[in-house]
Amino acid sequence: MRVLIVEDDLEIQQLVSYFFNKEGYEVETASDGLEGLRLLKKSKHGLVVLDLMLPSLDGKNFTKIVRELPEEYGNPGIIMLTAKTEIEDVLDGLEIGANDYMKKPFDPRELILRAKKFLDTGTKVSKKYVFKNVVVDDDRHLVTENGEEIELSKKEYDLLHLLIRNKNLVLSREKILDKVWNTNYYTGDRSVDIYISKLRDKIVSISKNIKTVKGVGYKLEEKK
């Protein structure tokens, strides 16, 4: 099983690597957030040990990107490493999708024990995507709004899933058809428009967030 350690303090990075190697895990390391993302995208590690304060991309934003794009980065367990003064940021990280955290200084043996629940037991990290009061639960293939289940067809579910995973990004009709219908777009095809309309009708609380980008496609927009 592969472990990715993203830590800019070389002494801590080497110490943690030593203990994971000693336990027989395959370890890769990165000293900044962007390099960590590149390695994770390439190798799909089972666990990321992630420093909160990193050059180029901090731990919170690293976690947010990974959780929003599981098709690119997989679905690893994430354990954050943090100084005592950063606890509020850690809580934010846990809300975004980190699974655990440890305060520095820490005993590497405790870190290994916490990591094993992701690496040895095959624990599946829950895959949920949240937008406002709408939750898409991949594990149960379920969508809820204010805690109430919304009945969607498979295509409606897949379309919502795509929009939430790519929130604030413009998705062309061509891309939506490719990802949801697995087919190519041709002039006059109204499938995407029809299903967007269905989503707006069924999930009223985010209907105004589903924006039409004239001549291009759609995006799910977070209003400031």
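The values are calculated or read from the model by the stated rules, or taken from the named source; none is laboratory data. These figures come from a predicted structure and were not determined experimentally. For neighbour counting, all protein chains shown are included, and Cβ atoms are generated from backbone atoms with ideal geometry for every residue, glycine included. Heavy atoms of the whole protein, side chains included, go into the accessibility calculation; ligands, DNA and RNA do not. Shrake-Rupley method; radii C 1.70, N 1.55, O 1.52, S 1.80 Å.
Okay, here's what the table says:
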{"item": "Residue satisfying condition, being farther than 17 Å from Leu37 by Cβ, open to solvent by 40 Å² or more (accessible area, probe 1.4 Å) and at pLDDT below 90, within set Arg114, Arg109", "result": "Arg114"}
{"item": "Matching residues in region 93-116 - criterion: being of a type outside the set (A, V, I, L, M, F, W, C) and not in a helix (DSSP H, G or I)", "result": "Gly97, Asn99, Asp100, Tyr101, Lys103, Lys104, Pro105, Asp107"}
{"item": "Top-ranked residue of region 117-139 - restricted to ones that are in a strand (DSSP E or B) and touching a strand residue (DSSP E or B) at 6+ places or on another chain (Cβ under 6 Å), ranked as modelled with the lowest pLDDT", "result": "Lys128"}
{"item": "So Gly215, is it open to solvent by 40 Å² or more (accessible area, probe 1.4 Å), modelled with pLDDT under 85 and out of contact with any Leu (no Cβ under 6 Å at 6 or more places or on another chain)", "result": "no"}
{"item": "Single unsatisfied condition, Gly74 versus (1) modelled with pLDDT under 90; (2) in contact with a strand residue (DSSP E or B) (Cβ under 8 Å, 6 or more places away or on another chain)", "result": "(2)"}
